[in-house]
Each structure stands twice: as structure tokens, then as C-alpha cells.
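Peer 1: One structure follows; several queries about it will come next.
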Amino acid sequence: MEFDLETLARDWIDGISGRAFRVKFDTALSRLGAVPVADRGRGALLCERDPVEFAAVFFAAASLRFPITLANPKWGEREWGEFARLLAPAVTFGQAGEGPNAFRSASSQAKALSDLEAGTILIPTGGSSGGVKLAIHSWASLSAACEGVQAFLGGGPIDSCCVLPLYHVSGLMQLLRAYYTGGRIRFDEDAVAGRCLSYVPTQLQRALRDPQRVRELSTARAIFVGGAALAEGVADRARELKLPVIPVYGMTETAAMVAAIPRDDFLADPKAGAVVFGKTRVEIEADGRIRIQSPALFKGYQGHDPLDLSRGYLTDDEGYLDQAGRLHVLGRVDRLINSGGEKIDPREVEAAICQIDGVDEALAVGVPDSEWGQKLVVYYTGHQLSSWKSALKEHVASYKIPKEMHWVEVLPLDEKGKRVKESTP
């Protein structure tokens, strides 16, 4: 993806002229340019909720090949503490500059952390072990991902309505697809006709409750649905309404989607498999795990041991390829819970709950849910709690607070609250 200032200067983001966007871009460029050369390897941290401000900083950093790290404004003290052990940015944009104590102390570690390679783009992901992990991408991998989606759609500009946060790969790639293909983007869903829209299953499920919303969605070019499994009931309802839904498969490590079920196939066949994009190759290991080789693949995780990606990335997802070479994803092989598109490590939640006075043990599980894909449910022993939500807000991010808490006399239990034989879940 060649960086082109003329592309940025056109009116491609609804709600702001190209000229006004360039002003914001130049302001960010000035701040980045003022960073001493010796410190630039530490990169910039982008923790911005406003999508236009985000885009201006992101492209300014890209134009200078200034390393940039995206961060989730919803992070709590734990996540910022983990981040501080990985990076000590030279400059911050957004709310991170006023973040929690664990992050504000990060600058003291700067000399102990390695410089980032020019052009590096670090994108946060929960990862298979929970916590904060930063997937290492580059313009090359992100461009390849854009090219794959464009080819899948038959070429031409990709106009989008983006209602997902840009610090998530699913939101970021909508921005980059519009830029890469010469399309337009807006950061709402007020005018979806002819545009692509990306949802997590929870968003689609909610939209199906509103007849007016359904009528509007029927005019979209495509409704990409990913981030978690699409419940059969929601999929069946979308088929009844003949919505242009395209279930997709991908992850932060692959710069979002690398396979998708074409719209017509989704509408005609509930068992249809996903088409793997372009140069992406998928293999199934003997244990059923999916291995991905793709030009959109990341380089590893910041601050972690190097990964051997010579044969591609071995995911924590289980699946199979049918006779036509289409991919069918069966689910995850680990305990990670995916609720409304957010990854949750149940062990972290269990540890936080056990810090509450009176709790002896806790078991966190993901229960299938028509709205959230999976909802976080916790069973615990000890004293019965009445104000557990307020107690947990001090320890975990808001999306990691359980939807339900159930007191039981003894653990362990299965997802239905029944006693199981194993001593660990």
C-alpha cells in the first residue's frame, strides 16, 4: 500500500472535508516530527476514541513510518500494567496520556525496552492466554488483507459504514479498505445503502429486532459478521429476511478476515463453507487445529519469544476443509471466552472474583447466548454476594464483568451448573 497524500486530501470520510482532515493530519504530523530522533524507535501510542482524530494520527504516523501502537480506551489498571511491561511510547495521542498509574510509570522503563522497527503497527488482541498481547503488523500485511477482501468482493472501491472501534482490527481494516480501494467511509450506520458494514454477532442480533433497521440493512452491499460464531437462530432469521450477510473468519493475527461465506451461498445453504481469500492458504492439523499461511499474517507478538511462522500461524480454532476446499470453523480448542466480540480469559475473572471478601472459589464459563455469542457466567462458593458488580469494577475491564453470578455449595460445575468429575474445568 503506497502512502498517498492526495488520497487523504479527497473527501473520503463522511462528515469532514478532505481539506479539514489534512489540517488534523498536519497537526499530528507536527507532533510526531518534534519527537527526538533518538526516541522515535519507541513509537507513538494511539488511544483515541474519536474516529476522525484516530485516522489523522494513524495516517500521519504511517507517512513517516513512525512505529505506532493502538490501545483500547476501555482498558483498566491490569491491562495498562501489562502494556507498560511491553512498551514505553515516546509520544501519546488520546486519553492514554492521562491513563492509569501503571501506564504513566512506563516511561521509566524506556531504556530497558527494544526499539520498534520503522513502519511497525502494533494491534492489541486478547490472545489465547488472555491479557494484553500486541500483534506486530506492517503496511505490507495490512495492504495484503485489503487486497484479499477487495478481490473477494469482485474489485472496485469499498465504501463502508464503520461502527466498530478503530483500535480493534475489525474497525481499523474498514478504514484501511476505504483508503486502499479509493472508497468512502462513515462512522455510523445512518446510510448503509450500497456500503459494507461489519458487525459482531451481537450487533446483528439486536438489529434484527428493529423492522426499520432490517429494511435499511437490506440495502447494504454486504454485512460482514465475524469476531465470534453466529448463532443458528440469528443466521436463520437473517436468511428469512434475505439480508446480505457474509459470515467471515479471521483474527488480529491475520489483519481481520481471510475467509468468508459468499452472500448467495449463505442464503441458500446453512452448511456452506468459507472461501479462503487469494494467496491465503489453510491447513488442518492432525488435532483439528487450523493453520493459516497468508501475506496478511502478522510477524509475532511484541515482547514475546519469536514465533516460527515458516509454515504459517497455528490458531486455537478447530475446523475442517470440505471436498471443495472450503473452510468450516467448529470452535476454539481452549477456554477463551468470546462475548460480543471481546476476548475474555476466564482465569483472570476467576482470580478477580476470589479477591472479593468472602469468596472461596470461582468458576467462569462461556455459555452459548443468542445475543452475545457467549455470555460470561460465574459460579462461586463462600458467602453469597449482593454487590459483586461494583466490587469487580475495581479489578477488571467492564466487558469482563459477568452477565450472571450464581452461588453454589461446591465446585467444579459444568456450564449448566451441574457437578462434573474433573477437578479442574
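Where a number appears in this text, it was derived from the coordinates with a stated rule and is not lab data. Not measured: the values here are computed from a predicted model. Cβ atoms come from the backbone with ideal geometry, glycine included; neighbour counts cover every protein chain shown.
Peer 1: Once a ≥ b ≥ c are taken as the square roots of the eigenvalues of the Cα gyration tensor of the chain, is the result rounded (a/c under 1.5), prolate (a/b larger than b/c) or oblate (a/b not larger than b/c)? Intermediate values should be presented prior to the final figure.
Peer 2: Numbers: a/c = 1.57, a/b = 1.13, b/c = 1.39.
Taking the square roots of the gyration eigenvalues as a ≥ b ≥ c, the chain is oblate.
Peer 1: Using DSSP, restrict attention to beta bridges with both residues in the chain and report what percent are antiparallel, rounded to the nearest 5.
Peer 2: 60 percent
Peer 1: Spelling out what I want: for every residue of the range 25-30, take phi, set θ = phi - 60°, compute 6.51 cos²θ - 1.76 cosθ + 1.60 (Karplus), and round to whole Hz; glycine and proline get x.
Peer 2: In residue order, the calculated couplings are 4, 5, 5, 5, 4, 5 Hz.
Peer 1: Give me E6, E117, E404, E79 sorted ascending by neighbouring Cβ count inside 10 Å, so fewest comes first.
Peer 2: E6, E404, E117, E79
Peer 1: Which order results if M405, M251, M173 are arranged by neighbouring Cβ count within 10 Å, fewest first? Let's see the in-between values first.
Peer 2: Values: M405 20, M251 23, M173 27.
Exposure proxy ranking, most exposed first: M405, M251, M173.
Peer 1: Could you order peptides 341-349, 146-154 by the average number of other Cβ atoms within 10 Å of their residues, highest first?
Peer 2: Going from most to least packed, we get 341-349, 146-154.
Peer 1: What FRET efficiency comes out for S386 versus D14 if R0 is 41 angstrom and r is the Cβ-Cβ distance? Round to the nearest 0.05. Could the numbers behind the result be given before it?
Peer 2: On the way: r = 47 Å, r/R0 = 1.14.
Step by step, r from the Cβ atoms, then E = 0.30.
Peer 1: Among C47, S386, L307, flag the residue with its Cα farthest along the positive direction of the charge dipole of the chain, charges on Cβ as +1 for Lys/Arg and -1 for Asp/Glu.
Peer 2: The Cα lying farthest towards the positive end belongs to C47.
Peer 1: In addition: In whole angstrom, and with the biggest value first, how far do the Cα coordinates of the range 337-407 range along each principal axis?
Peer 2: Ordered largest first, the range 337-407 gives principal extents of 32, 21, 19 Å.
Peer 1: Given the pairs K74/K375; K343/K393; K133/K299; K279/K343; K133/K393; K74/K389, which span a C-alpha to C-alpha distance of over 24 angstrom in this model?
Peer 2: Violating the 24 Å Cα-Cα cut-off are K279/K343.
Peer 1: How much length would be gained if the chain were fully extended between S218 and C354, taking 0.36 nm per residue of separation minus their Cα-Cα distance, in nm to one decimal?
Peer 2: Difference between extended and current length: 44.3 nm.
Peer 1: Still on this structure, please answer the following. How long is the gain from D308 to R65 if the chain were fully straight, where each residue apart is worth 0.36 nm and the alpha carbon distance is subtracted?
Peer 2: Taking D308 through R65 to full extension adds about 84.9 nm, to one decimal.
Peer 1: Any idea how far apart R239 and L321 come out in nm if each label point goes 7 Å out from Cα toward Cβ?
Peer 2: Each label point is offset 7 Å from its Cα along the Cβ direction, giving 2.6 nm.
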